[in-house]
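Comments concern the structure below.
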Amino acid sequence: MTAKAILQVEDDENDVLLFRRVVEQAGITSPLQVVTDGEMAIDYLSGAGQFADRQRYPLPSLVLTDLNLPKKSGLEVLRWIRYEPYFKKLVVVVFSSSALPQDVDQAYELGANAYIQKSADFGQLREMAQLLKEWSLGYNHFAPIVESKRLNVAD
């Protein structure tokens, strides 16, 4: 399996550690990059500031974002991604503890490719990571993401 970078946008350190653990157990070899707020996610994707080095911070093929984030919400990040012509085809999965119908609806309205409710059950998380490996990172063909020299980082 070709290693495709994954960007996890998550502010809860425990969720990051748990996700990292299930990813490793599933045998996912994709580099996992983590940012802890919505502004950092946009900076990462646009290659701004500390994220300018694409060797160290490669463009992801998949973004997993929580909804409730500091500075900018996951929905604001999703809106920005879909606004940017270079990222319209980027696969974005909302990975949130919320199961509120309005959150799910709004995520899809803004262009989410999937909406997965987080589980506190380690077995379910491990199963989700295995499915991610097999389907999204294994069989799925990602549209090429070509970074522009100048991205619009405005709201």
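The single condition from (1) in contact (Cβ under 8 Å) with a residue 24 or more places away in the chain; (2) surrounded by fewer than 16 Cβ atoms within 10 Å (Cβ to Cβ); (3) within 25 Å of residue 46 (Cα to Cα) that residue 114 fails is (1).
So that you can scan it fast, the table gives a plain yes or no per residue for (1) buried (at least 21 other Cβ atoms within 10 Å of the Cβ); (2) closer than 22 Å to residue 11 by Cβ; (3) in contact (Cβ under 8 Å) with a residue 24 or more places away in the chain:
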position	(1), (2), (3)
51	no, yes, no
66	yes, yes, yes
82	no, yes, yes
94	yes, yes, yes
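Against the test of being part of a loop (DSSP other than H, G, I, E, B), under 21 Å from residue 4 (Cβ atoms) and within 17 Å of the chain's Cα centre (by Cα), the options 81, 28 yield a single qualifying residue, 28.
Readers should treat all values here as calculations from the given coordinates under stated rules, not as data from a laboratory. Computed from a predicted structure; not experimentally measured. Using ideal geometry, Cβ is built from the backbone for each residue, glycine included, and neighbour counts are taken over all protein chains shown.
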